[in-house]
Structure formats: C-alpha cells, structure tokens
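What follows is one structure encoded as structure tokens, with my remarks underneath.
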Amino acid sequence: MSPHAAPPGFDRALEIGRPPSVQRIFPHSRALIVSGKVIDRAMLAKGQAIAMAANGRSSFVIRGALKAAQKANAALIIEIARSEGGAKAYCPVSLWNIAAQVDQACNEMGITVPVAVHADHYGIKAEKDLGPARVEIPTLFEAGITSIAIDASHLPDTECLLANIDLNALVPSWAGLETEVGEIKGDQGLSNKEEALFLIRGLNAHGISPEWIALNNGTTHGLEASGQGIQVELTAAIHAALTPYRVSGAQHGTSGNSSERLRAIAQQTRTTKANVATALQMVSWGLEVNDYGNAILRDGQFIKVKGEGVTEEMWAEMVAYADSKGWKAGDYKSLNLPFENRLLGQPRNVRERMADRVAEFVYGMMTQVFNCADTAPLAMEAIAQAGSHDLGAKAERLEDPAEWSGDKLARKAAELSASEGPEGNFDD
C-alpha cells in the first residue's frame, strides 16, 4: 500500500464499516469500500454537497477518480450501469469485476477515502425481466457491489412501484438504494411531483426507504447538444414535495450541463449523487472538452489534444475502428471494450497521463462544482455513530400499507397524469 498516512477514524471505519460481503471477498484489504448509504449521509452532513458518481467505464477512469477523491478528501461513488457492464456489456469493467478493480486500485494507490460501488440503472423494462433479475441481483452483491439503482422507470407507474417492491427483497438492508421515476428522455416526458410521490409513498408503505430518487428533470445521457439541460426549479419542487420521506436526489446525465447549472442543483435541491460518465471517458482518451466535460466536435469529428490521453497513433486506430463499424459520435462509448487491453499494453507514462487527466477533471468538479471536498471524514463519522456498516433507514414508515395494495393502489395510479414522452431505447 502506498504511504498515505491513515486519517483519524480510518482504522475504526475499516474495522466496522465494510459490509460483510466486502469483508468476505477482500479479507486482507485496506480499501474502505462502504455502503452507498454512507456516502449519502456524508453529503447531507456537509449540506449542499453532491457525491461524484464516476462511471468506471475503464480502469483509467476508476484510477483517476480515486486519485482525485483522495486529493479532495472526498467520499466517492464508483459505478457502472447495467447497459455498460451487464450481460451485454460494451465496457470491460462489469458489474461483477468493478468492486475488485476498485479494491485493487485503492490498495495499490493508498486510497483512504470511503468509496461505494454502485450498480447503476439496473433496468426492468417488462414483467419478463423480473425473473432473471431475481437470479442476477444477488450475484452483484456477492461480487462486492454495495449500492444499486433499481430502474423500472420504463414501466407504467403501478408496475414500476411493484417491480421496486419485488426486487427490494434481494437488496441487503445495509446497501444503498436508488429508485427512478420518469425515463431519462431530455425535455420530453418530464417527471412531476405526483408520480414521484406515488413511487416514494408506495415504497414507504412497504417499509422501503431509498437513499436516492432519479428524475427525468430535463437531462439526457451521453453527449448533450440541445442546450436544454437540467431543470433546476422542477427538481427543487419535486424534492421539496418528498421532504417527509427524506429521500435525496440522484442527478443523471451531467455531461454537457454547465458548471453553473450543476452548482445550482447542489445549492437549490436535495441532490447528493451525480453521475458523470461520458465526460470522463472523453477526458481519459485525451479529447478536447469544454469546461464541463462535453467533447468538442469539429466538422462532426472529435478533436484529439496532442500529447494528452492515448497516443495519436492509438487514437487513429480507434477512429478507424469506429469508422469501420459506421459509428457516430454517440457510439464511441463502444470503443471501451475492444480497446481496453490495447490501452493497458501502452507504456506506463501513457497510462498514467490518461488517469491523471481524469483526476484533474474530477478534482475540479468535486471542489468547484459539487462542493464535496472534505466529506470523507463525515462519512467515517457516520459509520462511527452507527457503530456498524449498516446505517439503517433514513425515514420511518409514514404510509398505511393497506392503502397501497390492490384496488386502492390501482385507483391512486389512475389519478396520475404523467406524460410518458416518446417511445424508444433510452439506456444510459
């Protein structure tokens, strides 16, 4: 382990703060891998703070994000979405190896900040998806996942709620939990207070208290070109309506939103988690990006910064490969899988500059936008106060279960007036 001195409270947090599954598979580790609950509580303790949820599409992104978090003394989430790292992955980092990669990197690099490992956008698009999910979800926690987003937002409101209730039985009580309402479709099919309350109240009636709710609040996944971006006032209004249930917000699709808008999300809403994916991928490759991570296109082509990220020769190969597949700019994410081993075989200075470029970008977001610097001690304090890896539920049961089943549930759903937006595949 690198010679970073362990901060006050670290050894105690390491002793009691790692979930049983993490202790079992990494018995000799000094990586402080914790529940997503811990990260959420740290952000709430600081106030107006958002944890970076870095989509670890490659080992370079994972290492860069960890390095930045250590420098900022910030609690961190490393995640991979089911579409990115599931059974049909387009990334080499998967739902089953991401915890091992985080653990290895933490021990090698001497990382002492708390890190949650999150399975993002575990999508349920139809009732037939529930059976396979019941088999697969336990394997994620067996592999070291410590937090999960059950995303049934593609379904009608009643089915979304019932899917969340069904699959919650497979999520350990200590694990962080995210739910989602309103499929991410940019400025179409926006979420509203009524459907968010329907989901959270229904979960509450069944004793389920998510750490986060993700909304369709005007954002998109991938490259944001419309300028529409996140609707701060809508987000704040929905979060205010959910106050009795103490659920925090999870912000998706941050790439392409201005730093000013993201700061407003931190300052004016109850958001404590923000996903950053596409920006980190582009930064690691050495592409020219604007100040908030959106890759700059010139005549429809990405701009490679000489001497940054991958070598110019490797980038030429990556572009040629994409061209041979007929890929557009938004498809470049699929380069992660075929090129990871090629990139790992590059000289050390190239590998390090890829991770360092990510670290510089992430550190800037942590300290200048998300306000999450110095939240690592707050996370360790939360563990110490709980005396356990399990911080318990944030909210008590407020709803009557009898009012949230059968015909009564159906009547409540029928009163909703959400706009579903366009049909299509809106995976992360």
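Observations on the model:
- Over the chain, Cα pairs under 8 Å with separation of 6+ residues give a relative contact order of 24 percent.
- The chain shape via C-alpha gyration tensor axes, a/c threshold 1.5: oblate
- Dipole-positive endmost among Asn216, Gln101, Thr254 within the chain (Cβ charges, Cα centre): Gln101
- Extension gain (nm, one decimal) between Ala395 and Glu360, 0.36 nm per residue minus Cα-Cα: 8.9 nm
- For Asp374, residues with placed amide H under 5 Å, excluding near neighbours: Asn73, Ala74
- Range in the chain, longest, excluding exposed GluC sites (Glu not before Pro) [loop by DSSP; at most 12 other beta-carbon atoms within 10 Å]: 1-395
- Residues Ser153, Ser405, sorted so that the one with the fewest Cβ neighbours within 10 Å comes first: Ser405, Ser153
- Environment charge of Leu242, counting only residues whose C-beta is closer than 12 Å and scoring Lys/Arg +1, Asp/Glu -1: +3
- For Thr269, Thr243, order by how many other beta-carbon atoms lie within 10 Å, fewest first: Thr243, Thr269
- For Arg57, Arg201, Arg270, Arg12, the sequence from fewest to most other C-beta atoms within 10 Å is Arg12, Arg201, Arg270, Arg57.
- Averaging the Cα positions of each part gives two centres, and for the range 316-332 and the range 83-127 these lie 25 Å apart.
- For the range 87-137, trypsin sites (Lys or Arg not before Pro) meeting the loop criterion (DSSP other than H, G, I, E, B) and having at most 10 other Cβ atoms within 10 Å: Lys88.
- Net +/- balance of residues flanking Ser209 in space, Cβ distance below 9 Å, scoring K and R +1, D and E -1: +1
- Glu194 sits among other residues whose Cβ lies under 13 Å from its own Cβ, and their net charge, with Lys and Arg +1 and Asp and Glu -1, is 0.
- Alpha-carbon centroids, the range 246-269 and the range 345-388: separation in whole Å: 18
- Given +1 at the Cβ of Lys and Arg, -1 at the Cβ of Asp and Glu and no other charges, the dipole of the chain around its Cα centre is 960 debye to the nearest 20.
- Loop sites in the range 307-354: trypsin sites (Lys or Arg not before Pro), DSSP, at most 13 other Cβ within 10 Å: Lys328
- The chain: antiparallel DSSP beta bridges as a percent of all, rounded to 5: 10
No value in this document is a laboratory result; all are computed from the given coordinates. Values in this document were obtained by computation on a predicted structure and should not be read as measured data. Every residue, glycine as well, gets a Cβ built from its backbone with ideal geometry; the counts of neighbours run over all protein chains shown.
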